[in-house]
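To start, the structure itself, in structure tokens.
The values are calculated or read from the model by the stated rules, or taken from the named source; none is laboratory data. Remember, it's a predicted structure, so these values are computed and weren't measured experimentally. Neighbour counts run over all protein chains shown; Cβ positions are idealised from the backbone, glycine included.
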Amino acid sequence: MAIDFDIDFILGHINYWLFVILMLTGLYIVVARGNLLKKIVGLNLFQVAVFMLYISMGKIGGGTAPILTGNPDEVYSNPLPHVLILTAIVVGIATTSLGLALIVRINESYGTIEEDEILELDHQKSQSEIIKVAKEASNDS
């Protein structure tokens, strides 16, 4: 069965297209960038894409608020995805602020927020500690 990708189909599903674009952009930023601040921004883009997906799935065309009116033929939108997303937004803000606080502490300790430079500094520190322990061992014997 072939799907006809005409302009009505594309515009009718624009929120899903935006979801895919935002999610792939966020994933690319997280994977391809070495800057810790850019990784936080990428995670936030990824998170916003997931929010859009859940909210899009929770909306029913022609659906009303879930309030009982006595009409058995009434179509209701599901409120659960929207409530879950409100909770996820609060958790996302908390994790973003924690990530930013960790980046500030890393910058204070290492003087940089580039992942490659931090790994190189850690490697140099561990090598100097190994040399120091080896010298102490040779002096003791």
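Which one is farthest from VAL50 (Cα to Cα), of the residues in the stretch 65-103 that are of a type in the set (A, V, I, L, M, F, W, C) and in contact with a helix residue (DSSP H, G or I) (Cβ under 6 Å, 6 or more places away or on another chain)? Outline the logic, then answer.
Within the stretch 65-103, the subset of a type in the set (A, V, I, L, M, F, W, C) is 65, 67-68, 75, 80, 83-86, 88-91, 93-94, 98, 100-103.
Add one more test, that the residue is in contact with a helix residue (DSSP H, G or I) (Cβ under 6 Å, 6 or more places away or on another chain), and what stays is 85, 103.
Details: ILE85: 9, ILE103: 24 Å.
Only one residue fits best here, namely ILE103.
Kindly list the number of the only condition in (1) more than 29 Å from GLY12 (Cβ to Cβ); (2) modelled with pLDDT of 95 or more; (3) of a type outside the set (Asp, Glu) that fails for ALA134.
Going through (1) more than 29 Å from GLY12 (Cβ to Cβ); (2) modelled with pLDDT of 95 or more; (3) of a type outside the set (Asp, Glu) one by one, ALA134 breaks only (2).
Quick one: ALA134 ticks every box in (1) surrounded by 14 or more Cβ atoms within 10 Å (Cβ to Cβ); (2) assigned to a helix (DSSP H, G or I); (3) not charged (D, E, K, R) bar one, so which box is it?
(1)
Residue by residue through the stretch 1-15, note down the ones that are of a type in the set (Val, Ile, Thr), modelled with pLDDT of 80 or more and either under 21 Å from ILE55 (Cβ atoms) or surrounded by 10 or more Cβ atoms within 10 Å (Cβ to Cβ) (or both). It would help to see each step written out before you state the result.
If we filter the stretch 1-15 for residues that are of a type in the set (Val, Ile, Thr), which is where we start, we get 3, 7, 10, 14.
Checking which are modelled with pLDDT of 80 or more leaves us with 7, 14.
The one that is of a type in the set (Val, Ile, Thr), modelled with pLDDT of 80 or more and either under 21 Å from ILE55 (Cβ atoms) or surrounded by 10 or more Cβ atoms within 10 Å (Cβ to Cβ) (or both): ILE14.
From the list ILE93, ILE106, ILE118, ILE89, which one is farther than 15 Å from GLY34 by Cα, in contact (Cβ under 8 Å) with a residue 12 or more places away in the chain and surrounded by 10 or more Cβ atoms within 10 Å (Cβ to Cβ)?
Working: ILE93 fails: in contact (Cβ under 8 Å) with a residue 12 or more places away in the chain; ILE106 fails: farther than 15 Å from GLY34 by Cα; ILE118 fails: farther than 15 Å from GLY34 by Cα.
Testing whether each residue is farther than 15 Å from GLY34 by Cα, in contact (Cβ under 8 Å) with a residue 12 or more places away in the chain and surrounded by 10 or more Cβ atoms within 10 Å (Cβ to Cβ) leaves just ILE89.
Collect the residues in the stretch 53-80 that are part of a helix (DSSP H, G or I) and either of a type outside the set (S, T, N, Q) or farther than 25 Å from LEU22 by Cβ (or both), keeping them in residue-number order. If you could, list the steps in order and put the result at the bottom.
Within the stretch 53-80, the first condition is being part of a helix (DSSP H, G or I), and the residues that meet it are 53-58, 80.
Answer for the stretch 53-80, where residues must be part of a helix (DSSP H, G or I) and either of a type outside the set (S, T, N, Q) or farther than 25 Å from LEU22 by Cβ (or both): LEU53, TYR54, ILE55, MET57, GLY58, LEU80.
Sort through VAL50, VAL83, VAL31 and tell me the only one that's assigned to a helix (DSSP H, G or I), surrounded by 14 or more Cβ atoms within 10 Å (Cβ to Cβ), among the hydrophobic types (A, V, I, L, M, F, W, C) and free of Cβ contacts under 8 Å to residues at least 60 places away in the same chain. Give the steps one after another, and end with the answer.
Details: VAL83 fails: surrounded by 14 or more Cβ atoms within 10 Å (Cβ to Cβ); VAL31 fails: surrounded by 14 or more Cβ atoms within 10 Å (Cβ to Cβ).
Testing whether each residue is assigned to a helix (DSSP H, G or I), surrounded by 14 or more Cβ atoms within 10 Å (Cβ to Cβ), among the hydrophobic types (A, V, I, L, M, F, W, C) and free of Cβ contacts under 8 Å to residues at least 60 places away in the same chain leaves just VAL50.
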